[in-house]
1. Please specify each residue of the stretch 89-102 satisfying the condition of being surrounded by fewer than 22 Cβ atoms within 10 Å (Cβ to Cβ), over 12 Å from GLY67 (Cα atoms) and touching a Leu at 6+ places or on another chain (Cβ under 8 Å).
2. Given the structure, is CYS129 among the hydrophobic types (A, V, I, L, M, F, W, C), at pLDDT below 85, open to solvent by 10 Å² or more (accessible area, probe 1.4 Å) and in contact with a strand residue (DSSP E or B) (Cβ under 8 Å, 6 or more places away or on another chain)?
3. If I filter the stretch 18-40 for residues that are at pLDDT below 90 and among the aromatic types (Phe, Trp, Tyr), do I get at least one hit?
4. Regarding ALA111, is this residue closer than 18 Å to GLY49 by Cα, open to solvent by less than 40 Å² (accessible area, probe 1.4 Å) and of a type in the set (A, V, I, L, M, F, W, C)?
5. Looking at the structure I just gave you, is ALA51 closer than 22 Å to ILE131 by Cα, open to solvent by less than 60 Å² (accessible area, probe 1.4 Å) and within 17 Å of the chain's Cα centre (by Cα)?
6. Go through the stretch 89-133 and give me each residue that's in a strand (DSSP E or B) and not acidic (Asp, Glu).
7. Can you give me the number of residues within the stretch 54-88 that are open to solvent by 10 Å² or more (accessible area, probe 1.4 Å), at pLDDT below 95 and either in a loop (DSSP other than H, G, I, E, B) or touching a Ser or Thr at 6+ places or on another chain (Cβ under 9 Å) (or both)?
Amino acid sequence: RRVRVHVAPECVGSAAGSESRARNAYHARPRNPPAEHAMSQDDQKRLAGRAAMRYVQDGMIVGVGTGSTVAHFIDALAERRADIEGAVSSSEQSSRLLKERGIPLLDLNAAGEIPLYVDGADECDGHKCLIKGGGAALTRE
């Protein structure tokens, strides 16, 4: 079984269930939360990266995409680097981060099956449909 996880900060913690429940939950959210409760975009990305960690299993080879949310995922993954076999990367930026965090970087062609691939998304609509970026790492993804 393979899992591909795209994480978009605005999708983390969104309502689950029927479309109408999700729509009602969306409209019920305060438009301008009090400043003490507001999360910065970077905090939301950190939360999304950490949320993706629930899919990481011991001994797994993890595929990682690229971008700022994935950088937060790599930081969280570093805390469990001894538990995984290693990671493959879709970009030079992510490869550099993996190496800096001491996560074994595996060659994509030699890695075999990759049961989990985590990547960021630029947008998430009310139906949890994701929009990817401009395609700078599209070939490797």
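The values are calculated or read from the model by the stated rules, or taken from the named source; none is laboratory data. Please read all numbers here as calculations on a predicted model, not as lab measurements. Cβ: placed from backbone, ideal geometry, glycine included. Neighbour counts: every protein chain shown. In case anyone asks, the SASA skips ligands and DNA or RNA and just uses the protein heavy atoms, side chains included. Shrake-Rupley method; radii C 1.70, N 1.55, O 1.52, S 1.80 Å.
1. Hits for the stretch 89-102 are LYS99, ARG101.
2. For CYS129, the condition - among the hydrophobic types (A, V, I, L, M, F, W, C), at pLDDT below 85, open to solvent by 10 Å² or more (accessible area, probe 1.4 Å) and in contact with a strand residue (DSSP E or B) (Cβ under 8 Å, 6 or more places away or on another chain) - is not met.
3. yes
4. It is false that ALA111 is closer than 18 Å to GLY49 by Cα, open to solvent by less than 40 Å² (accessible area, probe 1.4 Å) and of a type in the set (A, V, I, L, M, F, W, C).
5. Yes, satisfied.
6. SER89, LEU105, LEU116, TYR117, VAL118, GLY120, CYS124, LEU130, ILE131
7. Count: 2.
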